[in-house]
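Chemist: This is the structure, below, for whatever I ask next.
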Ligand code: CP
C-alpha cells in the first residue's frame, strides 16, 4: 500500500480512493495506540523533518509521536534557532536540509503555497501541516476519520461549520473534503468572516445559528482568531459569543448523538462553552487521538510511495 504521489499539499489533490486508503490505514494503526508498548519497526531507517514556522501543539507533537511510534528518526527543525536568523533564505534552508536525505518534510508556514514551493524544489516528500489561509489537509482528514468512526453512513449527514470561515484553513480543507461526499454542508458566521467568493464552494450559507443548527448531525466550531477584532471584522468578543458561541441551549434542536468538534486550540467562553467542549457529545479529544493515528498513516503511505518510485525507476 502506498500513495502514487510524493506530497500531500491540499485536499483537492486526493480522490476518494486515496482518502479511503488513508482512513483505512489510520484505523489499522490506531490499534497500536492501545498497546502497552507503542512501538513498531515500520519506518525504521526513515527520517522525518518537522519544519514549523508557526506555533503548534497538536499537529507538530502528533507528527513527532507518529514518526517515533513507527521507529522513524524525527527531527524538529526550529526556525528561530536556525541559520534563517542569520539571513539564510528559505530555499537555501530546505536545499540544505534535503542534502541530509530526509524522506519526508512536514511544513507549517504563514504563507499560503509554501508546501507547494518546497515540493517543486526538493525530492523528499512534503506534507502540508497548514499554510496561511489556504489549507490544513491533515486536520480535515482526521476530522473525516472521526466523523466516520461515529457515524456509519456519512451520506446525507447535516454538517455545520461555525465561525471565521474566511481566515480558516481548517474550514477550507473540510469544505473541499466533505464536498467530495454527499453531505448536507452548511457554513455559518458573521458576514464579515465569510469569504466574498463563498458561492463558488457550493455550500449552504447561514448567518442565523438557530436555523443552521436545526437537525444537525455534526457541528464543527472554529477557533476565533482574536486578532480579527483589531481589523474591525468583529464588533466585540461578547457579541460574537452571544450570536455564534456554542452552548447547550443553542444546541437544543440538533439531532440525537450530534457530534461536537473543534480543531483546537479552544477559546473557551467565546466560540464554545466548557459545558459543550467537555460535554457528552464532544469528540474534541477523540480528534486529537485520531490525529495521531492519521499522521502515522500519512507518514507510512507517503514514505512507501517514495520507496515504490525508487524500485520502479
Ligand atoms: N488543530 C491544530 O492545527 O492545532 P495546532 O495549531 O495546535 O497544531
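Read-outs: derived from the displayed coordinates by stated rules, not from any lab. Since the model is a prediction, treat every value here as computed from it, not as a measurement. Methodologically, a virtual Cβ is constructed for each residue, glycine included, from the backbone with ideal geometry; neighbour enumeration extends over all protein chains shown.
Chemist: Consider all pairwise Cα distances in segment 88-147 and report the whole-number % of them above 16 Å.
Modeler: Cα-Cα pairs in segment 88-147 separated by more than 16 Å: 47 percent.
Chemist: Given just the C-alpha atoms of segment 144-209, how large is their convex hull per residue in cubic angstrom?
Modeler: 83 Å³
Chemist: Using every alpha carbon pair in segment 137-283, what percent of pairs falls into each 5 Å bin from 0 up to the bin containing the largest distance?
Modeler: The percentages, shortest bin first, are 2, 10, 22, 25, 23, 14, 5, 1, 0.
Chemist: Rule-of-thumb check for segment 217-313: C-alpha Rg over 2.2 N^0.38 Å?
Modeler: 1.51
Chemist: In degrees, nearest 10, range 0 to 90: what is the angle between the Cα axis of helix 16-30 and the longest Cα principal axis of the chain?
Modeler: Taking Cα atoms only, the helix is inclined about 80 degrees.
Chemist: Quick check on the chain: helices-only [θ] at 222 nm, where DSSP H runs of length 4 and up contribute -39,500 (n - 2.57) each and the sum goes over total residues. Nearest 500, please.
Modeler: Here the helix-only value at 222 nm equals -11000 deg cm²/dmol.
Chemist: Next question, about the same structure. Highest mean first, what order results for 202-211, 280-289, 238-247, 81-90 on Cβ atoms within 10 Å?
Modeler: 238-247, 280-289, 202-211, 81-90
Chemist: Show me the three semi-axes of the equivalent ellipsoid for the chain, from the C-alpha gyration tensor (sqrt of 5 times each eigenvalue), largest first, rounded to whole Å.
Modeler: 33, 23, 18
Chemist: How do 237, 213, 301 rank when sorted from fewest to most other Cβ atoms within 10 Å of their own Cβ?
Modeler: In increasing order of surrounding Cβ atoms, one gets 237, 301, 213.
Chemist: Among 268, 108, 295, which one moves the most in a GNM of the chain with springs linking Cα atoms closer than 10 Å?
Modeler: Maximum fluctuation in the GNM of the chain, among the listed residues, is at 268.
Chemist: With every atom except the alpha carbons ignored, what do you get for Rg and Dmax of segment 85-197, in angstroms?
Modeler: When restricted to Cα atoms, segment 85-197 yields Rg and Dmax of 17.3, 53 Å.
Chemist: Can you work out the FRET efficiency for the pair residue 4 and residue 214, with r the C-beta to C-beta distance and R0 = 25 Å, to the nearest 0.05?
Modeler: E(calc), rounded to 0.05, equals 0.05.
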